[in-house]
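The next block holds one structure in the form of structure tokens; read it before the comments.
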Amino acid sequence: MFMFLIKKAFFDMWDHFLGVAMLNLGFIALLTIPILVPPAVVEFSVALAFLSQAAGILLVVVYAGAVSLATRDMVNYQRPEFGKLIEYLKESWKSSLVFGAILIGIVIVLWFGVPVYAGMGNLLGLAAIVFLMWALIIWGISSQYYFPIRGQLDTKIPKIIRKCFVLFFDNTFFSILLAIGTIVIAVGSVFTALLIPGITGLLIWHHAGLKLRLLKYDYLEENPSANRRRIPWDALLVDEEERVGKRTLRGMIFPWKE
């Protein structure tokens, strides 16, 4: 199943290559705010530098929420309409702001908490740091599902967060593999200055991961007595494999010649 996920995510991105690059240009433009503005204003006010960085992060996350709905369309074999981005923005901004606020909250806790606990110089301080690190790891892996759940399953923020953790603990090994893929895509994007696959490629990866994983729950709902550890992925993925189809290098580069 995981190997097919790699194939599907790759071709979902390839089939919308230009669109992915254009959406990533939006990310690149917005990222200049939290990266360039704080150093420019920190001489005048540390508080202003922090606020500008926080505002920049929130703008990027809100934009990511709208792009997430566009990548949902890509994963569902629909051609996204860029004219819908404003509509998607209106639809997703609240949940995106909450996600951004959580990110900023985590940064603040780590920024102030780790030095304090490290300065305690005792076992309690060490235990607190270990707890923070594990909480960060669990949230980091679970949060991969946040935007896909918002796009595919639920729009209520408390339920989105709860389902993030449910999916992580019920699919721990898969979630870790998804996180490894996230790291690989993120590192690879550095070499293209975030243009390809970029953050849009990450959202495609996460949406494809959730879409395929939900097939497991559809199967268990139809077969409540089935063994949860023996999911017939070959049978469940038949339709998806047909939709993706067989690809050749020539067909990828020159589709009109196929």
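Computed from the coordinates by the stated procedures, all read-outs in this text should not be read as laboratory data. All of these numbers come straight from a predicted model, not from anything done at the bench. A quick note on method: Cβ atoms are made from the backbone with ideal geometry, for glycine too, and the neighbour counts reach across all protein chains shown.
Can you tell me the relative contact order of the chain? Whole percent, Cα pairs under 8 Å, sequence separation 6 or more. In percent, rounded to a whole number, it is 24. Rg and Dmax, both from the Cα atoms of the chain and both in Å, are 20.2, 69. The stretch 162-216 and the stretch 74-141 have Cα centres separated by 15 Å. In terms of the Cα gyration tensor, with a ≥ b ≥ c the square roots of its eigenvalues, is the stretch 54-173 rounded because a/c is under 1.5, prolate because a/b exceeds b/c, or oblate? The shape class here is prolate.
Highest average first, the peptides 227-236, 131-140 ordered by how many other beta carbon atoms sit within 10 Å of their residues are 131-140, 227-236.
For the stretch 135-257, the pair-distance distribution built from all alpha carbon pairs, in bins 10 Å wide starting at 0, is 11, 33, 36, 15, 4, 0 percent. Both radii come from the Cα set of the stretch 1-130: Rg as radius of gyration, Rh as Kirkwood radius; their ratio Rg/Rh reads 1.11. When the listed pairs 8/94; 8/84; 7/216; 159/211; 163/211 are checked against a 21 Å cut-off, the alpha-carbon distance exceeds it for 8/94; 8/84.
Taking every pair of Cα atoms in the stretch 105-202, average 1/r, invert it to obtain the Kirkwood radius, and report Rg/Rh to two decimals. When Rh is taken as the Kirkwood radius, the ratio is 1.06. In the chain, the calculated helix contribution to ellipticity at 222 nm averages -26500 deg cm²/dmol per residue, counting -39,500 (n - 2.57) for every DSSP H run with n ≥ 4.
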